[in-house]
Amino acid sequence: MSPVTNQTSVVYDQSQRKRNKKKPSSPQPPSQSSVEKWRSEKQQQIYSTNIIQSLRELRISSAAKPSSSPSPRGRGGVAVRDAAYRSLAVTARGRTLWSRAILSKAVKLKFRKQNRSRDSITTRNVNNWLRKKRATVMRLKGKGLPAVERNVKLLSRLIPGCQKQPLPVVLEETTDYIVAMEMQIRALNALISAVAPPPPPPPETGHDGDETHMLG
């Protein structure tokens, strides 16, 4: 092989390697891989472990509270609900906007509880009034928007962490959030079935089909 031919072959091989490096790989779309991950048995087991641990910690913290200050009605159900959502966000490992928003909200709520002052009731009332006022203004502004844009804004409010995101991001986050919630429902139903007491046995019947009664 002549030197010219050898040099040409080397240049061709180098350019071919560069093209192969630059060629983008074709990974699975994030939304589809996310759907498959949340529907896998492994992901459901991870979430079940996280929610059991969260409920155990919640039970320990509730038992440590003094009995002289009972919690308000319904606070226990809200605490269980929050624990379920936090466990779902932990299972997602903060890789999505909605999971990071849930974890961030949990940290803020914990910080507020630790720094709650005596005038917290007044502050809460003022904040609620400002929130209602802001919601009314946003509702009036939203009436002039097209129907599609209004629906997108509504959807972005329903998904945590998506209020200021563009439509493609909102749709991707919505897909991931929905399949994650479906997995959460399956896992919770499985846990409830595991801890639920067995159903009572059916009543015994006689030969004629009537129920038998014990004679005193």
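The values are calculated or read from the model by the stated rules, or taken from the named source; none is laboratory data. As the structure is a prediction and not an experimental result, all values here were calculated from the model. FYI the Cβ positions are ideal-geometry reconstructions off the backbone, even for glycines, and counts take in every protein chain you see. SASA here: full protein model, heavy atoms, side chains in, ligands and nucleic acids out. Shrake-Rupley method; radii C 1.70, N 1.55, O 1.52, S 1.80 Å.
Overview of values
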quantity: Conditions (1) modelled with pLDDT of 70 or more; (2) surrounded by 12 or more Cβ atoms within 10 Å (Cβ to Cβ); number of the one not met by Arg93; calculated: (2)
quantity: Test: residue in segment 47-58 that is in a loop (DSSP other than H, G, I, E, B), over 14 Å from Leu188 (Cα atoms), open to solvent by 60 Å² or more (accessible area, probe 1.4 Å) and modelled with pLDDT under 95; calculated: no
